[in-house]
Amino acid sequence: MITKEHITKLKQNGNGEIAALINTQRDVGSINFILESLGRLPNNFNAEFLYELLNHSHSQVRLNAVKNIGKLNGKSDTDCLFQLYQKENDTTVRREIVSSIGRQRKISNKPILFNFLKDEDPKIVCQAIRGLLVFENDKEVEKNLRPLVNHPNEMVRTVIYKEYFAQENQHKSVLPHAETYDFLKNVVVNADVLETLKFVPDESIHLTFTSPPYYNARDYSIYPSYQAYLEFLEKVFLETHRITKEGRFLIVNTSPIIIPRVSRSHSSKRYGIPFDLHPYLVKNGWDFIDDIVWLKPESSVKNRIGGFMQHRKPLGYKPNSITEYLMVYRKSTEKLLDWNIRNYNYKTVEESKVADGYETSNVWKIDPCFDKVHSAIFPVELCKRVIQYYSYKGDLIFDPFGGSGTVGRTAKLLDRLFFLTEQEPKYFEYMKTKTKPHTMFNERKTRFLTLEQFQEIAK
Ligand SMILES: C[S@@+](CC[C@H](N)C(=O)[O-])C[C@H]1O[C@@H](n2cnc3c(N)ncnc32)[C@H](O)[C@@H]1O
């Protein structure tokens, strides 16, 4: 039996003993085992057999051969690799060829790497870009790469944008990342969100968690059409984008809804709000990050399956909806999350660390909450998780559709700050009654303001 130790010994002899071993193998598995066990190759390694294996009928063998040729550190024969690239059909092998050539960091390989930029496979193009970017301040490289900012593939565009254009368009935040304006801290405005946001400066909030109106399914909102509703939300989240700090999160809780039928001769209409809203968000500078499913007990939701239980006729199946979505987005940026985190001091990072018992999957089992006054309030547990997982202590949390103020109260509970808008006076007043000044809001008093009062303090 061939062992790794045996392969290592033969390899160090460097005089073709590995080639001889491979020649005696009858099955592809053993050849691959030898190739995958080679590890680092010594300087005197006789690599001729690797080039012969480039013509092997099995793609995994060709892939392993290319990988080992890539370890020859600038001594590999690029022409052989390029010839294989031209006739190779296996995408993994093709990508490995490009990566192998790129890793050599040889100026003479530039023309071949420029050639790869025309490949249809975006991963090959990205691989070639990576190989070219090692030639820093190279005008020829820059001339070939800059136009790719208009490449059809988004990954390619992002890499090029980051490399050549991001500096030019850098966000100009007036305040340090972890800080915000005093006049926004623990404020609730009784007004339309779009009117209110006119007075909120760019890049002033750290996190938005919200549950927008459910189109016309509840009595607190009436829109002339579903399209008008989506366009209203588009505007709200465009403004939210403007006031959000670089690279920070937006979490939108929605679910498909049903508008009951007009009469027995019509069907009820279902609207897939999370799916219809998603393209508007992505188009407007929000990167999609995650879909979290909020799972409720079946006993807590409306019974839709009753009719089917009686008749059992296919097509008439209507399952009980026990889920809602928490769609997680991040304000587009070239910066990594590490950059956001580095903007907080050691103490804040330590104190904000999430304690044991956190949710590990994207399905969150949480009981819904029922309220006498407001028909759709967040369970505190849902707010707690979102705020703890997506913000740091001292951050400003925004809810454009404040309702009964659950986001605000929970933010305060977790040593964060909040800024809410709620247009219905009934809910605004209700929020005041839920605010206990001596317990929850003792450090920084909550300010309940009209739009005019807010406008005044925003000056
Ligand atoms: C689904 S509820 C939010 C409930 C909230 N998450 C809670 O825990 O109480 C949506 C809220 O948005 C409010 N709203 C609707 N349109 C608004 C607008 N244009 N500006 C501000 N608030 C609005 C409604 O009055 C309603 O209270």
**Complete:** Within region 174-221, restricting to residues that are within 16 Å of the ligand (Cβ to nearest atom) and among the basic types (K, R), the one that is farthest from L250 (Cα to Cα) is R218
**Message:** Condition first: closer than 18 Å to K71 by Cβ and outside any loop (DSSP other than H, G, I, E, B). Now tell me which residues in region 22-40 satisfy that.
**Reply:** I22, I31, N32, F33, I34, L35, E36
**Prompt:** Residues in region 217-239: is at least one assigned to a strand (DSSP E or B), modelled with pLDDT of 95 or more and within 24 Å of the chain's Cα centre (by Cα)?
**Reply:** no
**Message:** at pLDDT 95 or above, touching a strand residue (DSSP E or B) at 6+ places or on another chain (Cβ under 7 Å), charged (D, E, K, R) and not in a loop (DSSP other than H, G, I, E, B): which single residue out of D290, D276 fits that description?
**Reply:** D290
**Fill in**
Quick count over region 181-239, residues being buried (at least 19 other Cβ atoms within 10 Å of the Cβ) and among the charged types (D, E, K, R), is 1
**Prompt:** Looking at this structure, is L250 part of a helix (DSSP H, G or I) and either within 16 Å of the ligand (Cβ to nearest atom) or assigned by TED's automatic domain parsing to the domain that holds D202 (or both)?
**Reply:** no
**Asked** From R330, R416, which residue is touching a strand residue (DSSP E or B) at 6+ places or on another chain (Cβ under 8 Å) and surrounded by 22 or more Cβ atoms within 10 Å (Cβ to Cβ)?
**Response** R416
**Asked** Counting just the residues of region 382-408 that are near the ligand (Cβ under 9 Å from one of its atoms) and without any contact (Cβ under 8 Å) to a residue 60 or more places away in the chain, which one comes out surrounded by the fewest Cβ atoms within 10 Å (Cβ to Cβ)?
**Response** S404
**Fill in**
Going through region 265-308 in order, the residues found to be in contact with a Leu (Cβ under 9 Å, 6 or more places away or on another chain) and exposed (fewer than 13 other Cβ atoms within 10 Å of the Cβ) are F288, D290, D291
**Prompt:** So which of P176, P111, P152, P147 ends up being over 30 Å from E429 (Cβ atoms), loosely packed, with under 13 Cβ neighbours inside 10 Å and in contact (Cβ under 8 Å) with a residue 60 or more places away in the chain?
**Reply:** P176
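The values are calculated or read from the model by the stated rules, or taken from the named source; none is laboratory data. Being a predicted model, the structure only gives us computed values, none of them experimental. Positions of Cβ are backbone-derived with ideal geometry, glycine not excepted, and every protein chain shown enters the neighbour counts.
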